[in-house]
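The structure appears right after this line, and notes come after that.
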Amino acid sequence: MTSAGKRFTFLQRFLHWLIAICILAMLFIGVGMKSTVAPKYVPLLATHKTLGAIILVLALIRLAVRLRYGAPPLPADLPEPMKLGAHLSHLALYVLMIALPLLGLTMQWTGAYPIVLYGDIRLPSLLPQSDAMHTLLWDAHFYLAFAFFAVILLHVAAALFHALVRRDGVFESMAPTPSHDAPTAVTHAE
Amino acid sequence: MPEPSPSRPPIGSLAIIAIVVAAGAGAFAYTAGWLSPTRLTPTKIVDSLAPPGGPSLGHRRNHAKGICFTGVFESNGNGAELSSAQVFARGEYPALGRFNLATADANAPDSTVRVRGLGLQLSTPDGEVWRSAMIDPPFFSVSTPEGFYELQLAAHSKDPNAMKAFFAGHLEFAPFAEWAKTAPWTASYAEETYNSLNSFIFVSGSGAEHAVRWSLLPQAQVVPITQEDLAKLGPNHLAQEIAERVAKAPQRWTMVVTVADPGDPTADPSTAWPPGRRAVEVGALVVQRIEGERNGPCREINFDPTILPNGVHVSDDPFPAARSAAYARSYDLRTSELKYYPYHSEAAGGGER
C-alpha cells in the first residue's frame, strides 16, 4: 500500500469540491442559457459571468496550493497507461478550469460587451472589439466547454472505478469526508 | 506483484459507474435542450428571420440595413428622481447609435420596409453603459416572444392560409396591422419617433421602483409622404438624407420617460398604456455626425436592450431577455462572417446600402 492513508490536504479537498460544484453549475448554466429565450436568460447570464470570475480566482488559488503541497502518489500497482491517463486528465482539468473563464472574459471584451457581475461590479475592458478575435475566442469557449464536461465525466467514472472496483484509496484521498487516518484516531478505533 | 482482484466480477460496480455517467450526460443534454425539440431557442428565432434567399451574411439578422451616428445625450436632470443612473444626472454624455430598417435584407429598398429603428448606446463617466434598441411603431406587433416566432413562421410560410391562422391566434396583431397600413411614412430618419415599447424598471436613489417606457420624439418637423413617393426618392434615400441633414445641422430628439400607473400592462409591449400617464422629459439626444456602417463605430455594437446602467433593470416584460438571447446569436453569427461583410464594395459615404 503506497497511498492508503495519504490524502490531499484539507484545503485541497475543500477547494476541489467547492470548485467542482461551481464548475458543474457553470456548465449547466452555460448550455441552459444558450438554449432559451425565456426571462431567466438574463439572470442566468449574469450568474454565468459572476461564477466564471469566482471560478477563475478559486482555480488560481488551487493551482498555487497544488504546486505548494503536491499530490499523494498514485498506487504503485496502478498500470502505467492508467497513471498516464490520470496525469493527463488532471492536467486537462487544470488547464480548462483556468482557460474557460479567461476565454469567456476575452470573448466578451472582443464583442464590446460591458462585463457586469453581481453587486454591480464592472470589469474594465482590456481588449478592443474584434470580429475575428471574438469568433476565435467564442469558438474556443464553446467547444472547450463541451470537452471540459466530457473530461469531467471521465474523471467521475475514474474516481468511481477507484472507489468501487479497485478500492485502492485514490478516491478516499480526495473524498469529501473527514480524515480518520490520524494516529490517535487509529489507536482509538482499534 | 499480482493485482488484488475482487472475489466476484464487479458487474454491479461497473453498472453504477455507467449509470452515474449516463445520468450526468443525460441531464446535460436535457439542459442544453437537445431532448426538447419544441423549446424556443435563440437559434430558432434568428433562423426564422431569414428571407427566402437566405440571411445577409456578415450583417445583423434583423434590422440589417443601417447607418451609424455619434453625438451626445443632453440630460436635463429631471430623470434623476426616477433612476439613480448617472445618465439622468444633469450633464452631457457621449452617444453612439445606428439608424436602421427592420428588415433581414441588408439591400432592401427603403420604401419596402415599414418599421424603422434606432439603436443607442449612452456611456457615462462612472463606466456604466446603457444600450437600447427602439422602433417607430407606437406598440409592438405581438405580445410574447413565442408570438414573434410564430409571426416569422407565418410570414415566411408558403401556406397561403398561414397569416390568416396567425391573425386568428394573435388578436393583438390587428392594431399593429392597422398602424402599418395607415400610419404616415416620412422621408427621413430625423422625423421618426423611436419607442422602447418594452417596459423597464427605474430605481431611484432611495430605492423607489417605477415601471417605465421611453420614447425619442423628433424635434425636426414631420413631413408625411406616401410610400410611392418615398420609393421615387431611391432605394437608399434615408441614409443619404440623414447624412446630408446632419452635415447641415445636428438633429435632436426629446427623450420622454413614461411612468406606468399601478396595474398598467408592463409585460405586454403590444398594448400601449392609457393616455394621461406621467411623462417626464429627461433630456435630448443630439445626433452630430453620421458615418457609414462599414467604417463607423456602430457596426461592432450589439444593441442588446438588457445592457443597462445601475438604476435601471428589466421588468416582467419577457421581450428584453428574448431579444438579448437572439441578438447575441445574431452578433456571434455576423462576427464569424466577416469575410462576407462588404467592406470593399463601396467607398465610404452616405450611400449605405
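Quick note: the coordinates plus some simple rules give every number you see, no bench work behind them. These numbers come from a predicted model, not from an experiment. Every residue, glycine as well, gets a Cβ built from its backbone with ideal geometry; the counts of neighbours run over all protein chains shown.
Figures for the structure shown
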{"read-out": "Two-site FRET efficiency, residue B:146 against residue A:117, from Cβ-Cβ distance with R₀ of 30 Å, rounded to 0.05", "value": "0.45"}
{"read-out": "Candidate lysines - alpha carbon under 29 Å from residue B:44, same-chain residues fewer than 8 apart omitted", "value": "A:34, A:40, A:49, B:65, B:158, B:164, B:181, B:339"}
{"read-out": "Degrees, to the nearest 10: B:319-335 long Cα axis against longest axis of chain B", "value": "80 degrees"}
{"read-out": "Likely footprinting exposure, B:93, B:340, fewest C-beta neighbours within 10 Å first", "value": "B:340, B:93"}
{"read-out": "For residues of A:126-133, the mean tally of beta carbons on other chains within 10 Å", "value": "3"}
{"read-out": "Least to most buried among B:202, B:166 (fewest other Cβ within 10 Å first)", "value": "B:166, B:202"}
{"read-out": "Among A:34, A:83, A:49, residue whose mean-square fluctuation peaks in a GNM of chain A (springs only between Cα atoms under 10 Å)", "value": "A:34"}
{"read-out": "Peptide-level mean, for B:332-338, of C-beta atoms on other protein chains within 10 Å", "value": "5"}
{"read-out": "Kyte-Doolittle mean at least 1.0 and Cα axial length at least 15 Å: DSSP H helices in chain A", "value": "A:10-33, A:41-69, A:131-160"}
{"read-out": "Burial order of peptide ranges B:49-59, A:106-116 (average beta-carbon count within 10 Å, highest first)", "value": "A:106-116, B:49-59"}
{"read-out": "Low-density loop positions, chymotrypsin sites (Phe, Trp or Tyr not before Pro), region B:30-88 - DSSP coil, at most 12 other Cβ in 10 Å", "value": "none"}
{"read-out": "Cβ crowding within 10 Å averaged over residues, with A:122-132, B:112-122 ranked highest first", "value": "B:112-122, A:122-132"}
{"read-out": "Peptide-level mean, for B:204-212, of C-beta atoms on other protein chains within 10 Å", "value": "0"}
{"read-out": "For B:197, A:88, order by how many other beta-carbon atoms lie within 10 Å, fewest first", "value": "A:88, B:197"}
